[in-house]
Amino acid sequence: MAAVRTPFFLVDEALIRKNGAILKDVAERAGCKILLAQKAFSMFSMYPLLREYLAGTTASGLYEARLGREEFGGETHVFSAAYRANELDEIFEICDHIIFNSFSQWERFREKARQSGKSFGIRLNPQHSTQGYAIYDPCAPGSRMGVTLENFREELLDGIDGFHMHTLCEQGADALEETFQAAERQFGKYFKQAKWLNLGGGHHITKDGYDVERLIQLVRYIRETYDMEVYLEPGEAVALNAGWLVCSVLDIIHNGGNIAILDTSAACHMPDVLEMPYRPELVGAGQAGEKPYTYQLGGMTCLAGDMIGTYSFDAPLQVGDKLVFCDMAIYSMVKTNTFNGIGLPAIAIRRLDGTVDVVKEFGYADFKDRLS
C-alpha cells in the first residue's frame, strides 16, 4: 500500500464479503430480495463478488441502470423523481422494475410502459419522518419524493404491480417498522392488490447493534399479511466500514493553531463532509485536545471552507505523513468531482491475501473530458 500514490480509495475485499454474508443471511431467513443501491456504491470491479450475495441492483436513472445491467446482472430496478421521455425506451428495455414518482408521470407514459411487459410501481410518501437530516428526509414537509395519501389516485392503479417507500437514512429496524406502520395505516388496503413492496434503502443492516431479527420479523409479517414479494435496497450497508481514503500531508501552516493541508479535499473527494455535515473518523487520531498535538485538516482547493475537521495526534504531523480516513467506500467515491482541476483519487482493492491492486487511476483526460 505504501507504494500507491495518494490520494486513493482502498476497499477491503474481506470486509465487503463480511457485509455481503450478513445481507445474504437476512434475505434467506426473511424470504426477501436485497439489491445493491448503486447511488451509494458503484465500484463495478466488485460486482462479480457481490453477485454471490445480492439479487441485483437498483438505479436512480438510465446510466446507473445500464451499469447494473451490464456489470452486475440479476434484477435491475430503477426509480427516478422524473423520467425523460427520450430515455424511457432504453429504461424499459434494460430494467425489470420501473418505479414512478407520481401518478402524473405514470399516466403520461403508461401506454408505452405496459407494452414493454415490465413491472411498474409507484413511490409512496407516508409523510412520517424518523430522522434528523432534513436534506435526506423524503418525508419532510414539501418533499418532492413520492405520492402522499392526498394525491393518491386509485383509478390509475391498473398496470401498477407494486409500491416503493424509501424513507430512511442510516437507521435501524425500529425506524423502518415505525415508518411501515404509518404507510400501512394510509395505504394498507392497496397493499393487498400488490405483487411486491420495495422498502428502499437507508437500512444500516451491517452496522454493529442493528436489530436483524426485528427486520426479519417485519419482512415476514409483510409477506404473510399481504402475500407479496419484499425488496430491500441498501447501499451503505453493502460497503459499510469496508473502505478508506488514504492521503498525504502537503504542508503545515499556523493561523491561530496548526493547520495541515492535504492532497485530498472535502469539496472534491468527500463532499458529504460539507453537505451533511460530519467529521469522518481518522485512523490513529483523536478529538481536538484529546492527544498532545492538534491540527485542523484542510483540502487543497481554493474554497475557504474546504475543511475536513479538527483532529489530535500523538506526534507532530510532518509533510509526507499519510493519513487514513475511515468508511469512505460509500457515497464518497460516487460523489467525487474535479473542482479546481483537482485530480480524482485512484481506486484500489485489498485482496484476501493482503495484496493491494490498483484497479483504476485518473488523470488530466478525466478532468478535460467533462468540459467542452
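Any read-out appearing in this document is the output of simple, stated calculations on the displayed coordinates, not a laboratory observation. A quick note: this is a predicted structure, and the numbers were derived from the prediction, not measured. As a convention, Cβ positions derive from the backbone with ideal geometry for all residues, glycine included, and neighbour counts pool all protein chains shown.
Some points to look at:
- Rounded to two decimals, the Cα radius of gyration of the range 239-308 over 2.2 N^0.38 Å is 1.11.
- Spacing of the modelled spin labels on D272 and Q287, each 7 Å from Cα toward Cβ, amounts to 2.2 nm.
- With each label modelled as a point 7 angstrom along the Cα→C-beta vector, the K24-A85 pair spans 4.6 nm.
- Based on C-alpha pairs under 8 angstrom that are at least 6 apart in sequence, the range 291-372 has a relative contact order of 19 percent.
- Centre separation in Å (Cα based) which lies between the range 130-187 and the range 210-278: 22
- Were the residues from S372 through V4 laid out at 0.36 nm apart, the gain over their Cα-Cα distance would be 129.4 nm.
- One decimal place: the segment L49-E93 gains 13.3 nm when fully extended, by the rule 0.36 nm per residue minus the C-alpha distance.
- Separation in nanometres of the label points that stand 7 Å from Cα toward Cβ, at R114 and D208: 5.4
- Paired Rg and Dmax values of the range 263-345, which use every Cα atom, in angstrom: 12.7, 35
- Shape metrics for the range 70-199, restricted to C-alpha atoms - Rg then Dmax, Å: 14.8, 42
- Scaling the Cα radius of gyration of the range 1-78 by the globular reference 2.2 N^0.38 Å produces a ratio of 1.20.
- Here the peptides 149-160, 36-47, 63-74 are ranked by packing, the mean other Cβ count within 10 Å, and the order with the highest first is 36-47, 63-74, 149-160.
- 20 °C / 1.002 mPa s Stokes-Einstein diffusion coefficient of the range 1-135, Kirkwood radius on C-alpha pairs, µm²/s: 127
- Average projection, convex hull of the Cα set of the range 293-341: 4.5 square nanometres.
- Among the GluC sites (Glu not before Pro) in the range 205-300, those located in a DSSP loop and surrounded by at most 16 other Cβ atoms within 10 Å of their own Cβ are E281, E290.
- When each of K33/K192; K335/K360; K33/K195; K24/K192 is checked by Cα-Cα distance, pairs over 22 Å: K24/K192
- Scalar couplings 3J(HN,Hα) for the range 221-230, obtained by applying the Karplus form with A = 6.51, B = -1.76, C = 1.60 to θ = phi - 60°, are 4, 4, 4, 6, 6, 10, 6, 9, 6, 10 Hz; x denotes Gly and Pro.
- P(r) weight above 15 Å for the range 324-372, C-alpha pairs, percent: 56
- Geometric extent, Cα atoms of the chain - Rg, Dmax (angstrom): 22.1, 68
- Crossing angle, helix 173-191 versus the chain [Cα axis fit, 0-90 degrees, rounded to tens]: 30
- Segment R220-A134, extension gain: residue separation times 0.36 nm, minus the distance between their alpha carbons: 27.9 nm
- Amide H partners (placed H, <5 Å) of S80, local residues excluded: I99, N101
- Residue (of T57, Y47, P7) at the positive-pole extreme of the range 5-88, dipole from beta-carbon charges: P7
- Computed over the chain, relative contact order equals 19 percent, with contacts defined as Cα pairs under 8 Å that lie 6+ residues apart.
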